[in-house]
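Student: Here it is, the structure in full.
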Amino acid sequence: MAAHMNAQPAPRLHGFWLTLARVAWVALAAFYIGAYLVTVPIRLTETPQFVSPQSEITATQFLTGLAQLGISPEGYTRFQQLSSVFIVLPYLGLGVFIFWRKSKDWMAILTSLLFISFLGPFDTLARLNANWTVVGDASALLTSIVSFLWFFIFPDGRFVPRWTRWIFFLLLATQVWRVFQPDLYQRSFAYLAPIIFGGILIAQVYRYRHAGAVQRQQIKWVVYGIVMGTAPLLLFFLIYFAVLISQPPLTREIAVNFFGDLLWSFFLIIFPISLTLAILRSRLLDIDVIIRRTLQYSVLSGLLALTYFGLVIVLQSTFTAITGQRQNEFVTVLSTLALAALFAPLRRRVQDVIDRRFYRKKYDAAKTLAAFAATCRDETDLDKLTASLISVVQETMQPESVSLWLKKTEPLKHREH
């Protein structure tokens, strides 16, 4: 099954269908980009909605709280306006770039369309003209369908396993239902969401387990982008529920609006970049190195932070008990020096544990190659060296068969003087 999936090329368009897809893409891209350009002056001058209608505080109280934290209301307003404009630019730029590079690839066209329609500006235009409301609803419907379709068929443009297409058809039916019965759709979506998102998860896990090396690397890029984009946001909400939930409403509102928006913007920028690298198959093999380094330095940073704060607390308590002083600069200096001394050995230890736990095959292969390199320096017997080389190749690469060919060399002829 794995070989069969890996052998199938990604769907490509030819002839009439290629021309039709390109013309449709150009029309949609021109429409979306034109609508976006029209909304730029509106977004740069409108006053953002600082708090939700269900909030416990007013917008004036929120801005006053920002000012008390050293954040000017004008600066925060400008941040909201600029982010609503410039967050769209990576999507538009990457969408055009993907289409320009791989317009014959069905998945590339779908990804490009997803990017261009992802942050449609029609909600802003609807404030000027009510007729744009219908266009905005149709745009949201198109974006929803394209997004779900993309995750079902990524990366080769096929439904794998085949029964997942029925889940997608169910999704299409719910989207039509959403148009005619929006209230009933909102109440029922909680029951449909596990089926839809579960189907996407099962499809990608199944595909990863049975796909070839290239498709696995593509899936890794997408998962890495999602994890790295959402990790700061999840960490923030953990802090929120652990610490901020007991704070006054004003503090909670400022934290959610300011840091939540900032971290969500970070995710919206990281996510399309990882999708683009996966679709273009650009530097696919780098993802293993990136994931490995991310794991290593994330764990290392956490351990160093815990060590530093632990040392500060222990040493500060000790010096306070001895000298009676609550603050001592020597504690900070000593903790910093201890952290510097621990960095190198702790990094090697973390790297070794992660390599043995998550990259066992590569870890064993590296050790085998290092042992063979030491053998090459000391071994003079050609037969033993040949046997050692064959053993290393079998252990690290695990081929079906191994054969070694040595070129015969003629003896050197010494000139007679």
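Since every read-out is calculated from the coordinates, none of them should be taken as a lab result. The structure presented is a predicted model; accordingly, all values stated were derived computationally and were not measured. Here Cβ is always computed from backbone atoms with ideal geometry, including for glycine, and neighbour counts include all displayed protein chains.
Student: Provide the three semi-axes, in whole Å and in decreasing order, of the ellipsoid equivalent to the stretch 164-257 as defined by the square roots of 5 times the Cα gyration tensor eigenvalues.
Tutor: 32, 25, 10
Student: Taking the C-alpha atoms of the stretch 2-284, how large are the radius of gyration and the largest Cα-Cα span, Dmax, in Å?
Tutor: Reported Rg and Dmax, both Å: 20.9, 63.
Student: If you don't mind, another one. Extension gain Ile87-Asp123, at 0.36 nm per residue separation less the Cα-Cα distance, in nm?
Tutor: The span from Ile87 to Asp123 would gain 11.4 nm if fully extended.
Student: Modelled label-to-label distance, Val176 and Ser52, 7 Å Cα→beta-carbon offset: nm?
Tutor: Rounded to a tenth, the inter-label distance reads 3.2 nm.
Student: May I ask you to list the chymotrypsin sites (Phe, Trp or Tyr not before Pro) in the stretch 186-242 that are in a DSSP loop and have at most 16 other Cβ atoms within 10 Å of their Cβ?
Tutor: Of the chymotrypsin sites (Phe, Trp or Tyr not before Pro), not one in the loops of the stretch 186-242 has a Cβ with at most 16 other Cβ atoms within 10 Å.
Student: OK, next. Using 7 Å Cα-to-Cβ label points, what is the Phe343/Leu142 separation (nm, one decimal)?
Tutor: 5.2 nm
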